[in-house]
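**Q** First, the structure itself, so that you have it in front of you.
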Amino acid sequence: MRCVIYSRVSTIDQNLNNQLEQLKKYAESQDWEIVKIITDVSSGGKPSEERPGLNELLKICRKRQCDIVLFWALDRFSREGSRKTLKYLTLLDYFGTNWHSFAEPYISSLGIFSDAIIAILSALAKQERVRISERTKAGLDRIRGKVKLGRPKTAGNLFEKAKTLRKQGLSYAKIGEQLSLSKTRAYQLCNGNT
């Protein structure tokens, strides 16, 4: 099988060579032909567009120029959360590319448990979506008790005052000054946008 090795570290102070040497040895022990070694020095939480190595890897797989991607561990591949990571792994599957984690051999599309791994990752992604939604709702509930959310309601007389001042020939800036509003808000009130 044609193999692309993907390795990532977060900072230039970290040494890629430790990962790369073991990944090369492992690929050779499996009789995989190493066709490319791709590295990233970037946070694993960044999307592929901001990680040149991962972006290149996905392009190679899209062109079906490799059969398997070997990476050190899932968190070296992506730390964008289970939903994004699952998206990348699903893309590799769609491109006909297998994937394998060296440090976590059970995270692999090789072997009889590949479908189980995808199912587990999918369940984690779904749970992550639920947790994000719950945290957002809890945060909004907490803030609602302390702060009034949304755009402030415009008092009816403020709306009428703005229209009256505009009929008197005042500019939106002058109306805003008199009513303690921005020029844009004065314009909105004068033109019926409450």
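The values are calculated or read from the model by the stated rules, or taken from the named source; none is laboratory data. A quick note: this is a predicted structure, and the numbers were derived from the prediction, not measured. Virtual Cβ from ideal backbone geometry, glycine too; neighbours counted across all protein chains shown. Note: accessible area is taken over every heavy atom of the protein model, side chains too, but ligands, DNA and RNA are not part of it. Shrake-Rupley method; radii C 1.70, N 1.55, O 1.52, S 1.80 Å.
**Q** Just how much of E33 is accessible, in Å², when a 1.4 Å probe is used and the result is rounded to the nearest 10?
**A** Approximately 110 Å² for this residue.
**Q** So how much accessible area does D31 have, in Å² to the nearest 10, using a 1.4 Å probe?
**A** 130
**Q** Quick check: convex hull of the Cα atoms in region 35-106, volume per residue, rounded to a whole Å³? Could you put the intermediate results ahead of the total?
**A** Numbers: hull volume 6.1 nm³, N = 72.
Output value, Cα hull per residue: 84 Å³.
**Q** Apply the a/c threshold of 1.5 to the C-alpha gyration tensor of region 1-63 and tell me whether it is rounded, prolate or oblate.
**A** oblate
**Q** Still on this structure, I have one more. Once the Cβ-Cβ distance between S29 and L91 is put in as r, and R0 is 35 Å, what FRET efficiency do you end up with, to the nearest 0.05?
**A** FRET efficiency, S29 to L91: 0.85.
**Q** Report the rotationally averaged projected area of the chain based on its alpha-carbon convex hull, in square nanometres.
**A** 17.6
**Q** Given contacts defined as C-alpha pairs under 8 Å and at least six residues apart, what's the relative contact order of the chain, whole-number percent?
**A** 16
**Q** Going through the cross-link list K163/K183; K137/K183; K63/K84; K84/K137, which pairs have a Cα-Cα distance over 24 Å in this structure?
**A** K137/K183
**Q** When ligands, DNA and RNA are left out and all protein chains stay put, how many square angstrom of accessible area per residue does the chain have with a 1.4 Å probe?
**A** That works out to 61 Å² per residue.
**Q** Roughly how many percent of the accessible protein surface of the chain is carbon and sulfur, given a 1.4 Å probe and a whole-percent answer?
**A** 52
**Q** Give, in nm to one decimal, the length gained when the segment between E177 and N191 is fully stretched (0.36 nm per residue of separation minus the Cα-Cα distance).
**A** This chain segment gains 3.3 nm when fully extended.
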